[in-house]
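Presented below is the structure to which this report refers.
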Amino acid sequence: AMRAIGPEELDRRVEAPTGQIEVTELAETINRMLERVERAHRALEAFTGDASHELRTPITHIRAQAQWAQDEGRTAAEMRESLGAIERELERTNKMVEDLLLIARGENGQLPVERRPFDLKHVATEVCDIGVAMSKSREVKISCVLEESLHVIGDPDRTRHVLFNLLSNAVRYTSEGEVSISLRREDRMGGVEVRDTGPGIDPDHAEKIFDRFYRVEASRSRAHGGAGLGLTIARLLAELQDGRIEVESHPGAGSTFTLWLPGANVGDEVHDSSTATAANLS
């Protein structure tokens, strides 16, 4: 039976029980292995399809721009405009490829992650300052409640990346209203809460928003420049620090994403984080 199970028949299972305990246990072990292989195979198929689609879109746009620029009668100004559009599309594509490489390295255990005490307040303040600057051209108010220090164990740079992704996501989907950042303490964990007054997330989507390329509103996300990788990276970097991300959301009532990291022990030497810029966070 095992020899007959190929890539297209991974939903098949070995017959069990067999009447012999040892053989039955072996069959059940093989079936559990087949379930894991099937899940991995389906996930790889979905990822390959999604990645191909996401790369096809900018390639089609770049080709169309290049063909348009080569038409007879194009002025120098029109050609510069076309080249500018091509450059912007290439930048977005390059960003997506870099994000995919980061995810691959993280999932394969090849991404260096520090584990040292640092003040979560300092990192959150840096990200908040960038968020204020980022939202100046939008009808979104950024408010930060970061009064007391909160010492945790982790990687300040990776944590900054996580918070920037959460904040960018909140600002992107909040056309008007408020995005707030605050610190939380719970048991032996320290957290940063990013709350928005956006449209919220339907429960049917809540378990999928961290999947690669997943968008609640695909067309709207593309219009805002999102590739559907920000939350995937945020969750990955949180888990690599022995942390987690929780989400609470209701349609029409906004969303709250909270990054939790292990708390630092009293007496641990706490390091200040360096000042970040929008360039090294994007």
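Within the stretch 136-165, the set of residues being under 15 Å from residue 190 (Cβ atoms), of a type outside the set (A, V, I, L, M, F, W, C) and either assigned to a strand (DSSP E or B) or touching a Gly at 6+ places or on another chain (Cβ under 6 Å) (or both) comprises 151, 154.
Just one of the numbered conditions (1) surrounded by 14 or more Cβ atoms within 10 Å (Cβ to Cβ); (2) part of a helix (DSSP H, G or I); (3) of a type outside the set (Asp, Glu) is not true of residue 94: (1).
This table checks each residue for (1) modelled with pLDDT under 50; (2) open to solvent by less than 20 Å² (accessible area, probe 1.4 Å); (3) assigned to a loop (DSSP other than H, G, I, E, B).
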| site | (1), (2), (3) |
| --- | --- |
| 220 | yes, no, no |
| 233 | no, yes, no |
| 251 | no, no, yes |
| 257 | no, yes, no |
| 261 | no, yes, no |
| 277 | yes, no, yes |
| 281 | yes, yes, yes |
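Filtering the stretch 125-174 to residues that are without any contact (Cβ under 8 Å) to a residue 24 or more places away in the chain and aliphatic (A, V, I, L, M) leaves only 132. Restricting attention to the stretch 100-114, the residues that are surrounded by 15 or more Cβ atoms within 10 Å (Cβ to Cβ), hydrophobic (A, V, I, L, M, F, W, C) and either in contact with a strand residue (DSSP E or B) (Cβ under 6 Å, 6 or more places away or on another chain) or assigned to a helix (DSSP H, G or I) (or both) add up to 3. Every test in (1) farther than 30 Å from residue 64 by Cα; (2) open to solvent by less than 30 Å² (accessible area, probe 1.4 Å); (3) outside any strand (DSSP E or B) is passed by residue 117 save one, and that test is (3).
For the criterion of being out of contact with any strand residue (DSSP E or B) (no Cβ under 7 Å at 6 or more places or on another chain) and either within 18 Å of residue 243 (Cα to Cα) or crowded, with 16+ Cβ neighbours inside 10 Å (or both), residue 151 fails. Checking the stated criteria, residue 176 turns out to be touching a strand residue (DSSP E or B) at 6+ places or on another chain (Cβ under 9 Å) and open to solvent by 30 Å² or more (accessible area, probe 1.4 Å).
The values are calculated or read from the model by the stated rules, or taken from the named source; none is laboratory data. If you're wondering where the values come from, they're calculated on a predicted model, not measured in any experiment. Every residue, glycine as well, gets a Cβ built from its backbone with ideal geometry; the counts of neighbours run over all protein chains shown. All accessible areas refer to the heavy atoms of the entire protein, side chains included, with ligands and DNA or RNA removed. Shrake-Rupley method; radii C 1.70, N 1.55, O 1.52, S 1.80 Å.
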